[in-house]
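Beneath this line is the structure, given in structure tokens, with notes to follow.
Values in this text are rule-based calculations from the coordinates and carry no lab data. This is a predicted model, so every value here is computed, not measured. Cβ coordinates were reconstructed from backbone atoms using ideal geometry, including for glycine residues, and neighbour counts include every protein chain displayed.
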Amino acid sequence: MKELDMNTRSLLSLAEELECRVFLNEPLDKHNTFRIGGCCTAMIDINSPDNLSQLWEEANRLGIRTMALGNGSNVLFDDRGFDGIIFQIGSSMDKIYMKDENTIVAQAGCPLLKLCRFALEHSLGGLEFAYGIPGSVGGAVFMNAGAYGGEIKDVIKYGRAVDREGRQFEYTAEQMKFGYRTSRFVGGDELIVEAEFELPSGSYDEIQDKMVELMSKRRDKQPLNLPSAGSTFKRPAIEGVYAGKLIEDSGLRGYSVGGAQVSEKHCGFVVNKGGATSSDVLELIKQVQAKVQQDSGILLECEVRYIPFEA
């Protein structure tokens, strides 16, 4: 582990003063669903939106590279790790409560599974599509997560975020500029800290039955037994055309590069069949894109965010 510079030590001292846990040289393969990646310089377990504001403002002032990480379900870290500080937004920032009889407020670190079950407990519908998506509220808002005909944009009322200068903002659903697997936060300089969901009242049994049905579909169709980052490619912007089918038609089911493999169960997923490196995954994605484009004329767009070691 390289010696920490003065600015990094100063930021970590502030984190400890704010009662945030600090982990030096933390292995990132423990913090993402691909189970790939080296170590980060340090990880700070964020425990409140106000403390995130203060720490990010200070990191920006000191010129320290940072990134926020939730459940790590849509990222691929470099094998060398991350040369900077990771703000872990997880179980220390996962509060959830009812604002009124149809509105749930959840912090960014709240797992989607916890949010869906909380909605079910209060007989609120609309989140059935998200049951089983392996992400957190912050990540789901960031990428407008969706499945089975539903998306976060359909159920969110407000989102709250902080910027690099420590300022906090509130946005309406329209102001968050949701699109297919995107939002105003993609490529921006704001971090989501909380979201407010307005949901219709419904039948507990019907909501539960729908959740069970969709979870069953996921288990039947998706390679949940192997590490992956979820769907690897975005759906092409052509009606009735799907990435998985294009990959299958190109004869790539089960195709491998090192430990990375096109799933034999669902060709839309690249999985870590054992010992995969980020280089394996990136090369496999590149080869899949080239073969599919050669065969169909369609260039598949990667949905997984690759995080390089250096900026």
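Note on K30: lysines with a C-alpha under 20 Å away, same-chain residues under 8 apart excluded, are K273.
Net charge in the neighbourhood of I247 (other residues with Cβ under 11 Å of its Cβ; Lys, Arg +1, Asp, Glu -1) is 0. Here the peptides 213-224, 86-97 are ranked by packing, the mean other Cβ count within 10 Å, and the order with the highest first is 86-97, 213-224. Each residue of the stretch 148-160 was assigned a 3J(HN,Hα) from its phi angle through the Karplus curve 6.51 cos²θ - 1.76 cosθ + 1.60 (θ = phi - 60°); the sequence is 6, x, x, 9, 4, 4, 6, 10, 7, 9, 9, x, 10 Hz, with glycine and proline shown as x. The calculated FRET efficiency for the pair E206 and E17, based on their C-beta separation and a Förster distance of 51 Å, comes to about 0.55. For a 30 Å ceiling on Cα separation, which of these pairs sit above it: K95/K153; K114/K245; K177/K265? Correct reply: K114/K245; K177/K265. Taking the Cα centroid of the stretch 106-132 and of the stretch 35-82, what is the distance between the two, rounded to the nearest whole Å? Value for the Cα centre distance between the two parts: 25 Å. In this structure the amide hydrogen of C110, modeled in the peptide plane, comes within under 5 Å of the amide hydrogens of V137, G138, none closer than 5 places in sequence on its chain. Could you identify which residue out of Y242, Y148, Y131 has the top mean-square fluctuation in a GNM of the chain using Cα springs shorter than 10 Å? Of the options given, Y148 has the highest mean-square fluctuation. Remark: the stretch 240-254, residue by residue, has Karplus-estimated 3J(HN,Hα) of x, 9, 10, 4, x, 5, 4, 5, 4, 5, 7, x, 9, 4, x Hz, where x stands for each Gly or Pro and the curve is 6.51 cos²θ - 1.76 cosθ + 1.60 at θ = phi - 60°. Distant-in-sequence amide contacts of R305, defined by a placed amide H-H separation under 5 Å and a gap of 5 or more residues or a different chain, comprise V75, L76. Other residues lying with their Cβ under 15 Å from the Cβ of G259 contribute a combined charge of -3, Lys and Arg counting +1, Asp and Glu -1. Of all aspartates and glutamates in the structure, the ones whose alpha carbon falls short of 19 Å from that of K99, not counting any fewer than 8 places away in one chain, are E121, D154, E170, E194, E196, E198.
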